[in-house]
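Taken together, the values in this text are just the output of simple stated rules run on the coordinates, not laboratory data. Please read all numbers here as calculations on a predicted model, not as lab measurements. No Cβ is skipped: glycine too gets one built from the backbone with ideal geometry, and neighbour counts run over all protein chains shown.
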Amino acid sequence: LEAYEVLISQYEKKIYALCLHLLKNSEEAYDAAQEVCIKLWKQLSTFKGQSKLSTWIYRMTTNQCLDILRKNKRKGQEISLFLDEELGEEEKLTDQTAIWHDISSHMEEKELGEVLKQGIGELKEDYRVIIVLRDVEQRSYEEISDILDISLGTVKSRLSRARSTLKKILEQNKEPYRSIFRHNNK
């Protein structure tokens with residue numbers, strides 16, 4: 001029990017963060033993270049050490065979130081991969097000079113980030129997951145291979161296709177992509 005508590009204390013925030021990135025909804029992410037912790041407790045004895053413990057935990061977390069995404073898709077709910085800023089932690093800014101100095105670039109970055117989130121949200125599930133694991137969570141190709149239980153070559157090709165598809169989405173001549181594309185090419 002003590003070993004499990006140590007394990008959970010090391011991974012609970014990482015598990016929740018991954019759930020939040022994949023599910024967007026803080027309540028669903030919390031429930032998913034709790035479910036992962038329960039599964040860890042029940043299945044810890046099945047860990048064979050063929051991969052890193054963290055990879056096994058990330059695989060279990062990713063699979064839990066994919067199950068929820070599939071259920072939500074069947075229910076017809078719209079799914080996105082990113083947390084809205086309003087749901088996240090408040091950013092405390094105290095240096096008023098720095099705020100005014102950086103406000104325009106901050107707004108541009110925020111707007112671009114929102115458009116990027118929307119574009120990623122339009123990707124099919126396999127592409128969204130691999131983009132999040134690689135580009136948001138910054139997992140290695142090997143870890144992604146272990147987490148998703150696919151070959152290294154499949155990881156690389158799927159990531160390449162996902163990025164190519166995302167590029168096509170972002171280059172569409174429709175809002176909000178058109179405004180961002182025009183704005184950033186001035």
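Couple of notes before you dig in:
- Net charge, ASP146 excluded, C-beta distance under 12 Å - Lys, Arg +1, Asp, Glu -1: 0
- Alpha-carbon centroid distance for the pair the stretch 113-131 / the stretch 1-50, whole angstrom: 24
- In order along the stretch 30-36, phi translates into HN-Hα couplings of 4, 4, 5, 4, 4, 5, 4 Hz, rounded to whole numbers, per the Karplus curve 6.51 cos²θ - 1.76 cosθ + 1.60 with θ = phi - 60° and x for Gly and Pro.
- The peptide list 41-51, 124-134, put in order of mean Cβ contacts within 10 Å with the highest first, becomes 124-134, 41-51.
- Computed over the stretch 122-163, Cα set: Rg, Dmax in Å: 9.0, 26
- Residue separation of LYS48 and GLU2 scaled by 0.36 nm, minus their Cα-Cα distance, works out to 14.6 nm of gained length.
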